[in-house]
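Student: Here you go, one structure.
The values are calculated or read from the model by the stated rules, or taken from the named source; none is laboratory data. A quick note: this is a predicted structure, and the numbers were derived from the prediction, not measured. With ideal geometry, Cβ positions are generated from the backbone for all residues, glycine too; neighbour counts draw on all protein chains shown. Each accessible area value is taken on the protein alone, full model and side chains, heavy atoms only, with ligands, DNA and RNA left out. Shrake-Rupley method; radii C 1.70, N 1.55, O 1.52, S 1.80 Å.
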Amino acid sequence: MTFFSAKKAKFEGPKSKSELAFRHYDKNKKVLGKTMAEQLRFAICWWHSTCWPGSDPFGGDTFLRPWHHSSDEMAAAREKADVMFDAMDLTSIDFFCFHDRDIAPEGQSLKESNANVTAIANYIEKKMAKGKKKCLWGTANLFSNRRFMAGAATNPDPDVFAYCAAQIKHCMDVTKGLGGANYVMWGGREGYETLLNTNIGHELEAAKRMLALVIEYKHKIGFKGPILIEPKPQEPTKHQYDYDVATVYSLISSLGAQKDVKVNIEQNHAILAGHTFEHEIALASALGIFGSIDLNRGDYQSGWDTDQFIVDVPELTLAMYEILKAGGFTTGGMNFDAKIRRQSIDPDDLIHAHVGSMDACAKALLNAAAMIEDGVLKGMVDERYAGWSSPKNKAMLQGKESLEQIAARVEKNNINPQPKSGRQERLENLINRYC
């Protein structure tokens, strides 16, 4: 018996009045040389879709899913997998993402936990082959168990560091076995609450060492995809070591690991860091570490991770424009790290949420592609920086002039620059033409 009553969502065009239909997402439609499915590479996440019970700090479970209260945890894990693959089929999503503790219960020892994860991974692998689905990425849950209350890689207890390494190793093995295109390092509690009990220098070195170990193991087992670090500010610890793209880049570059390690950027995290979604994407691209996207939206009136499904087409358009400018996805994709609201207790609400957000992304892709194709916005930006294309200014930027030489040239040529308009309002009006 299927968990959902909804029928499979299909593309019906912009004029469709159907409650559950794609109006813009036509997965086989070519956009800038790739199909929409190839450009967007949608993924459904295990944790919010089947693991979250609908609780919050002020109230208990609202979803009452049968697997949340099963006496047979392994049977419940298989049931969750069945529901995940049904959801992927109904939404035409090709990829999934998981934490090891999402797919299987934790045992009394790491050995028992690993055995549980391996058993369910084998079950998932069979379903993947049958449904032609793929793993976008896997990651280890190094934050839920109380052993990680002071962090995982950055924990003051070396035994926790060692346990963290062992858990990552197994999860990387499982992810590789499932054909995962990436492996994510998500530092859920890699940070500190107070300096009174914290040695920042030691913790940063520990984080660096763990990343080095993971990179080394990636090559040892022949894992082809990149390691992805997901920037996350403020929550749950007050000072996160993976605060934003710039902070994560400092860690990656300290190891010279830009080829092996990229970033997995989330909209909600970008907002919590005081940035825009498109800023984080553009910065990652400029630094050469753009990898993948965790797609959701935050509430601009709330200072925590609300993880709502994103449906804001103008905001998505700006993000998609930066993604396309960055060359689009290679191993990465758009994972719906989003959860339905705790009052949305109908199982079909999960299908409606994914279909609506997929459609918003597809419309944003079409908008961004139009911006790329007509080149108007790029032309206006290029015009603003045109002065740098002259030989003398190229030489200045490339280090072929000293500070004294530049100063002498300014005096000799009586250079007296005058301000030029940034034309922000014109550009904002231009964006609205596409949306």
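Student: Going by the conditions given, is A408 in contact with a helix residue (DSSP H, G or I) (Cβ under 8 Å, 6 or more places away or on another chain) and either within 30 Å of T2 (Cα to Cα) or surrounded by 10 or more Cβ atoms within 10 Å (Cβ to Cβ) (or both)?
Tutor: Values: in contact with a helix residue (DSSP H, G or I) (Cβ under 8 Å, 6 or more places away or on another chain): no; either within 30 Å of T2 (Cα to Cα) or surrounded by 10 or more Cβ atoms within 10 Å (Cβ to Cβ) (or both): yes.
Criteria not met by A408.
Student: Please count how many residues of region 288-327 are modelled with pLDDT of 95 or more, small (G, A, S), crowded, with 19+ Cβ neighbours inside 10 Å and in contact with a helix residue (DSSP H, G or I) (Cβ under 6 Å, 6 or more places away or on another chain).
Tutor: Adding up the residues that qualify gives 1.
Student: For T198, indicate whether it is open to solvent by less than 10 Å² (accessible area, probe 1.4 Å) and either among the hydroxyl-bearing types (S, T, Y) or without any contact (Cβ under 8 Å) to a residue 24 or more places away in the chain (or both).
Tutor: Details: open to solvent by less than 10 Å² (accessible area, probe 1.4 Å): no; either among the hydroxyl-bearing types (S, T, Y) or without any contact (Cβ under 8 Å) to a residue 24 or more places away in the chain (or both): yes.
So T198 does not fit the description; no.
Student: If you don't mind, another one. So, L365, is that one of a type outside the set (S, T, Y), farther than 25 Å from P53 by Cβ, open to solvent by less than 30 Å² (accessible area, probe 1.4 Å) and in contact with a helix residue (DSSP H, G or I) (Cβ under 7 Å, 6 or more places away or on another chain) or not? Steps first, please.
Tutor: On the way: of a type outside the set (S, T, Y): yes; farther than 25 Å from P53 by Cβ: yes; open to solvent by less than 30 Å² (accessible area, probe 1.4 Å): yes; in contact with a helix residue (DSSP H, G or I) (Cβ under 7 Å, 6 or more places away or on another chain): yes.
Spelling it out, L365 is indeed of a type outside the set (S, T, Y), farther than 25 Å from P53 by Cβ, open to solvent by less than 30 Å² (accessible area, probe 1.4 Å) and in contact with a helix residue (DSSP H, G or I) (Cβ under 7 Å, 6 or more places away or on another chain).
Student: Let me ask something else. When you scan region 171-189, do you find a residue that is surrounded by fewer than 21 Cβ atoms within 10 Å (Cβ to Cβ), closer than 17 Å to V261 by Cβ and at pLDDT 95 or above, even just one?
Tutor: yes
Student: Can I ask one more? All but one of (1) open to solvent by 60 Å² or more (accessible area, probe 1.4 Å); (2) among the hydroxyl-bearing types (S, T, Y); (3) within 30 Å of the chain's Cα centre (by Cα) hold for Y434; which doesn't?
Tutor: (1)
Student: Moving on to the next point. For region 129-154, how many residues meet the condition of being open to solvent by 70 Å² or more (accessible area, probe 1.4 Å), under 24 Å from the mean Cα position of the chain (by Cα) and within 26 Å of E230 (Cβ to Cβ)?
Tutor: Of all residues in region 129-154, those open to solvent by 70 Å² or more (accessible area, probe 1.4 Å) come to 129-130, 132, 134, 144, 146-147, 149.
If we keep only those that are under 24 Å from the mean Cα position of the chain (by Cα) as well, we get 132, 134, 144, 149.
Those still in the list that are within 26 Å of E230 (Cβ to Cβ) too: 134, 144, 149.
Counting residues in region 129-154 that are open to solvent by 70 Å² or more (accessible area, probe 1.4 Å), under 24 Å from the mean Cα position of the chain (by Cα) and within 26 Å of E230 (Cβ to Cβ) gives 3.
Student: A follow-up question, please. Of the residues that make up region 323-334, is at least one part of a loop (DSSP other than H, G, I, E, B), touching a residue at least 24 places away in the same chain (Cβ under 8 Å) and among the aliphatic types (A, V, I, L, M)?
Tutor: Yes.
Student: Here's another thing I want to ask about it. If I go through region 79-128 residue by residue, how many of them are outside any helix (DSSP H, G or I), open to solvent by 40 Å² or more (accessible area, probe 1.4 Å) and touching a residue at least 60 places away in the same chain (Cβ under 8 Å)?
Tutor: Initially, region 79-128 is screened for residues outside any helix (DSSP H, G or I), giving 92-99, 104-109.
Okay, now just the ones that are also open to solvent by 40 Å² or more (accessible area, probe 1.4 Å), so 94, 106, 108-109.
Next, only the ones that are touching a residue at least 60 places away in the same chain (Cβ under 8 Å) stay: none.
Counting residues in region 79-128 that are outside any helix (DSSP H, G or I), open to solvent by 40 Å² or more (accessible area, probe 1.4 Å) and touching a residue at least 60 places away in the same chain (Cβ under 8 Å) gives 0.
Listed here are the residues, each with its yes/no results for (1) modelled with pLDDT under 95; (2) of a type in the set (S, T, Y); (3) over 22 Å from R384 (Cβ atoms).
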| site | (1), (2), (3) |
| --- | --- |
| S402 | no, yes, yes |
| I406 | no, no, no |
| K412 | no, no, yes |
| I415 | no, no, no |
| K420 | no, no, no |
| R423 | no, no, no |
| R426 | no, no, no |
| N429 | no, no, no |
| C435 | yes, no, yes |
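Student: I'd like the residue in region 27-36 that is of a type outside the set (D, E, K, R) and surrounded by 18 or more Cβ atoms within 10 Å (Cβ to Cβ) and, out of all such residues, is nearest to I345 (Cα to Cα).
Tutor: Filtering region 27-36 for residues of a type outside the set (D, E, K, R) gives 28, 31-33, 35-36.
Among the residues that remain, those that are also surrounded by 18 or more Cβ atoms within 10 Å (Cβ to Cβ) are: 31, 36.
Values: V31: 36, M36: 31 Å.
In this case the residue turns out to be M36.
Student: Sticking with this one: Take the residues in region 391-411 that are assigned to a loop (DSSP other than H, G, I, E, B) and under 39 Å from the mean Cα position of the chain (by Cα), then tell me which one is farthest from R423 (Cα to Cα).
Tutor: In this case the residue turns out to be G399.
Student: Sticking with this one: Go through region 243-270 and give me each residue that's part of a helix (DSSP H, G or I), aliphatic (A, V, I, L, M) and open to solvent by 10 Å² or more (accessible area, probe 1.4 Å). Before you say what the answer is, go through the steps one by one.
Tutor: Taking region 243-270 first, the residues part of a helix (DSSP H, G or I) are 245-254, 267-270.
Cutting the leftovers down to aliphatic (A, V, I, L, M) gives us 245-246, 248, 251-252, 270.
Scanning region 243-270 gives A246, L251.
Student: Still on this structure: When you go through (1) part of a loop (DSSP other than H, G, I, E, B); (2) in contact (Cβ under 8 Å) with a residue 40 or more places away in the chain one by one for L430, which number turns out not to apply?
Tutor: (1)
Student: For the list (1) within 28 Å of E38 (Cα to Cα); (2) buried (at least 18 other Cβ atoms within 10 Å of the Cβ); (3) not hydrophobic (A, V, I, L, M, F, W, C), I need the number of the one condition that S285 fails.
Tutor: Among (1) within 28 Å of E38 (Cα to Cα); (2) buried (at least 18 other Cβ atoms within 10 Å of the Cβ); (3) not hydrophobic (A, V, I, L, M, F, W, C), S285 violates only (2).
Student: Hey, another quick one. Just name the residue that is nearest to H354 (Cα to Cα) out of those in region 273-301 that are in contact (Cβ under 8 Å) with a residue 40 or more places away in the chain and part of a helix (DSSP H, G or I).
Tutor: F277
Student: Could you tell me which of the residues D382, D359 is within 38 Å of the chain's Cα centre (by Cα) and touching a residue at least 40 places away in the same chain (Cβ under 8 Å)?
Tutor: Numbers: D382 fails: touching a residue at least 40 places away in the same chain (Cβ under 8 Å).
Just one listed residue meets the conditions, D359.
Student: Given the options I340, I310, name the one that is out of contact with any Asp or Glu (no Cβ under 6 Å at 6 or more places or on another chain) and assigned to a loop (DSSP other than H, G, I, E, B).
Tutor: On the way: I340 fails: out of contact with any Asp or Glu (no Cβ under 6 Å at 6 or more places or on another chain).
Going through I340, I310 in turn, the sole match is I310.
Student: Ok, one more. Name the one entry in G375, G356 that is open to solvent by 10 Å² or more (accessible area, probe 1.4 Å), closer than 25 Å to L430 by Cβ and either of a type outside the set (A, V, I, L, M) or at pLDDT below 95 (or both).
Tutor: Details: G356 fails: closer than 25 Å to L430 by Cβ.
None of the other options fit; the residue is G375.
Student: Of the residues H24, H48, which single one is more than 24 Å from A140 (Cα to Cα), in contact (Cβ under 8 Å) with a residue 12 or more places away in the chain and either open to solvent by 60 Å² or more (accessible area, probe 1.4 Å) or in contact with a Lys or Arg (Cβ under 9 Å, 6 or more places away or on another chain) (or both)?
Tutor: Numbers: H48 fails: more than 24 Å from A140 (Cα to Cα).
From the options H24, H48, the qualifying one is H24.
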